[in-house]
Every structure is written in structure tokens, then in C-alpha cells.
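Undergrad: Got a structure here, written out as C-alpha cells. Questions coming.
The values are calculated or read from the model by the stated rules, or taken from the named source; none is laboratory data. A quick note: this is a predicted structure, and the numbers were derived from the prediction, not measured. As a convention, Cβ positions derive from the backbone with ideal geometry for all residues, glycine included, and neighbour counts pool all protein chains shown. Side chains are part of the model used for accessible areas, which takes the heavy atoms of the whole protein and leaves out ligands, DNA and RNA. Shrake-Rupley method; radii C 1.70, N 1.55, O 1.52, S 1.80 Å.
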Amino acid sequence: MSADSKYDRMPQAYPTYGGYEVPDADFFDKGLIYDIWNQIKSKIQEGSINLIKVSLPVRVCEPKSYLQRIVEGWCYMDEFLGKAARATDPIERMKYVIAFAISGLHNSVKQKKPFNPILGETFEGMLSDGTQVYCEQSSHHPPVSNWLVYGPNNLWRFYGFGEWTASFRGNSIRGRQEGPHIVEFPDGTRVIYELPEVWIKGLLFGTRLIDFSGSMKFRDDKNGVGADIVIDPPVANDSSWSSWFGYGTKLPSDFIEGELFTYKLNKDEREVNKRKVCPIDGSWLGEIRFDGKPLWKWSMGLKKAEVQVVPDPLPSDCRFRADLIALEQGDMESVSYTHLRAHETVL
């Protein structure tokens with residue numbers, strides 16, 4: 001069995017090397033990429049390479065705010081956070097939180113860029129089970145988004161904030177949403193984690209891929225349960241001749257490896273007495289396993305949560321933005337003007 005067939009991965013998983021392969025229909029025109037690169041080069045010469053501060057053409061955007069994009073990564077919150085809330089074993093609860101965090105990554109990978117939220121911009125939504133979603137842009141420079149989600153009947157709360165950074169790396173873009181993600185339950189349990197880096201590869205040449213990379217740490221200090229997970233793990237130790245040249249044992253980049261463990265905090269708040277509970281493996285593009293048993297598989301056909309519009313959202317809700325409305329209607333002339341005016345107002 002080849003390495004890329006080890007797990008049940010969705011069709012968009014790129015064979016052998018891994019990552020989410022961008023469909024041809026979603027490709028940006030190479031000429032557009034070169035135009036953006038020329039604009040970025042001037043910023044590099046000025047000593048600024050944070051793409052968040054670069055004004056990109058509206059044709060690379062989708063008619064959504066970044067506040068909406070954040071929520072798309074929580075597409076299985078009703079499924080897994082509901083089960084986590086009902087779990088009485090802290091270890092089982094942790095497994096469900098990990099499944100929630102990783103299984104939704106694939107739903108947030110899109111090539112088109114959402115609009116940067118304006119300071120004070122909000123997004124409100126609800127799920128059919130009664131879950132309430134609230135997001136707000138609390139800072140413009142640097143861009144920081146906050147969120148608070150109430151599960152049905154207050155079975156759980158999910159809150160945190162994220163600062164988005166992005167930089168150009170030749171043929172790739174690296175981005176990250178930095179900040180804590182906190183899932184809290186009525187018994188006082190809090191599971192805290194952060195997201196890994198995201199990469200868009202093959203901008204100018206090669207296969208266009210979107211991928212995640214780095215580590216994810218999950219901690220429940222109250223019950224002493226944690227997990228360390230690596231996305232795109234390094235080449236395994238191998239004594240074969242092929243490993244000397246750096247190939248032959250490299251796993252697809254969407255694979256994950258890690259372990260679930262228990263621990264205690266000493267008086268200095270340091271983790272001690274770690275004991276492994278079970279290994280974690282799989283792929284963020286299809287399957288998450290604990291001790292070899294899958295808790296999530298894309299082929300399970302779980303229904304993704306659909307965030308519905310609340311009856312009376314605040315006037316600051318992103319869906320009232322004139323530039324987003326114009327882009328959705330295909331009015332490119334109006335969207336360019338209203339987008340520029342909106343951001344001039346907060347600068």
C-alpha cells in the first residue's frame with residue numbers, strides 16, 4: 001500500500017505529495033499573480049512584506065468578510081462539540097474537541113481572499129439547533145477578530161480571538177491566524193488550542209495547492225489532558241539508501257501525527273508526569289484516528305453546519321457592506337469605489 005492511500009482522503013487531496021489541490025476553475029490568471037507580485041516587490045523595498053497591509057485587486061476576492069471565513073472552519077461544531085459536552089470522561093471529551101478543530105480545516109481552504117473586516121464590523125448567525133454565533137473586528141491595525149459562540153442550551157461555549165498575518169514566499173504565500181481558541185464546558189473544563197500555518201503553493205508555477213503545516217497543541221489544565229499534533233510530519237528515520245537523498249519516506253503533507261497524554265502542573269505551572277494515552281494520526285483532508293480507530297472520516301458524510309442569518313442583525317453586520325453587495329452582484333466598478341471608501345474611513 002502506498003503512503004498516500006494509507007488514509008481515507010477526499011478527492012481533492014493531491015496524490016503522493018499531499019495538500020488540497022485547487023480546482024482548475026478556481027485558478028487565478030498567472031498575469032494577475034505577476035501584477036500582484038510587482039506590487040508586493042515595492043512593499044518589500046519599503047521594508048514591509050505583510051500582505052494584510054497590501055491592497056489587492058478586488059477580483060482576487062470573494063463576496064465575504066473574513067469574519068464569515070473564520071466561521072466556515074467550524075463546520076462540524078454541532079456534531080463534535082455537542083458530543084464533547086455530553087462526554088463524562090475528560091480524555092474522550094478531548095478527542096471530540098480535536099476532531100472538531102482538525103476536521104473543519106478543509107472547509108476553510110479557499111484560494112479567493114475574503115474582504116478584510118472594518119473596525120467594529122460584526123457578523124451574527126445561528127444554527128438550526130440553537131447555536132448562536134457572534135464575531136466582531138476589534139482592531140484594524142493589526143487586524144484582530146474576536147468570536148463568541150454559545151452552544152444549544154449553553155452545553156458549551158467557544159470563544160477566542162485571532163490576528164491574521166500573511167507573507168509572500170516567492171512561489172507561495174504563508175499565512176496564519178494567531179490567537180487562542182477556547183472551548184469551555186459547564187463543569188469548568190476549558191480546552192485551549194491554536195491553529196497551524198496555512199500555505200498557498202504554486203502561485204507562479206507548478207500545481208496550485210493549499211496546505212497546513214506546523215504543530216497544534218491542545219491543553220485541558222483542569223483535568224490534565226493534552227495533545228501535541230504535527231501537520232506535515234518530518235521524514236521518518238530510515239536507514240535505507242533512499243532516505244540519504246531526502247526521499248522515499250516523506251509522508252504526504254496533509255498527514256498528521258501526534259499523541260494524546262495526561263499530565264500534571266507543578267507549582268511553577270510546568271507540565272510534569274506526562275503519560276501517553278494513545279497515538280493520533282490521519283490526514284486533515286479525510287480522517288482522524290485515535291489508537292488506530294477513526295473518529296472522523298470525510299466519507300462518513302457528516303452534514304456541515306449551515307449558519308443562518310439572524311432575524312435582526314446589527315447595522316454593523318458585514319452582510320450590509322456595500323462593497324460586498326456590489327461584488328456579489330458583479331458590479332466591479334462600484335465595488336472598487338465603495339471598498340476604497342470603506343477602508344479610507346478607518347485609516
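Undergrad: Can you compute the FRET efficiency between Arg59 and Ser139 using 1/(1 + (r/R0)^6), with r the Cβ-Cβ distance and R0 = 30 Å? Round to the nearest 0.05.
TA: The formula returns an efficiency of 0.65 here.
Undergrad: Next question. Could you give each residue of the stretch 63-71 its phi-based ³J(HN,Hα) in whole Hz, using Karplus coefficients 6.51, -1.76, 1.60 with θ = phi - 60°, and x for Gly or Pro?
TA: After applying 6.51 cos²θ - 1.76 cosθ + 1.60, I find x, 9, 8, 4, 4, 6, 5, 4, 5 Hz.
Undergrad: Whose amide H sits under 5 Å from the amide H of Glu259, counting only residues 5 or more places off or on another chain, with H placed in the peptide plane?
TA: Long-range HN contacts for Glu259: Asp228, Ile280.
Undergrad: Let me ask something additional. Determine which aspartates and glutamates satisfy two conditions relative to Lys276: a Cα distance under 18 Å, and not lying fewer than 8 residues away in the same chain.
TA: The qualifying aspartates and glutamates are Asp89, Glu92, Asp220, Asp221, Asp228, Glu257, Glu259, Asp291.
Undergrad: Lys274 versus Leu314, label points 7 Å from Cα toward the beta carbon: distance in nm?
TA: Distance between the two pseudo-spin positions: 4.0 nm.
Undergrad: I need the calculated FRET efficiency for the pair Ser167 and Phe205, taking r as the beta carbon distance and R₀ as 22 Å, to the nearest 0.05.
TA: So the FRET efficiency works out to roughly 0.70.
Undergrad: Going by Cα centres, the stretch 274-298 and the stretch 144-207 are how many Å apart?
TA: 20
Undergrad: Rounded to a whole number, what % of the accessible area of the stretch 148-228 do carbon and sulfur atoms account for, probe 1.4 Å?
TA: Ligands and nucleic acids excluded, carbon and sulfur give 52 percent.
Undergrad: How high is the relative contact order of the stretch 76-184, in percent, with contacts defined as C-alpha pairs under 8 Å that are six or more residues apart?
TA: The value is 17 percent.
Undergrad: Zone of Ser334 (label point 7 Å along Cα→Cβ, backbone N under 18 Å): which residues in the stretch 311-326?
TA: 318-326
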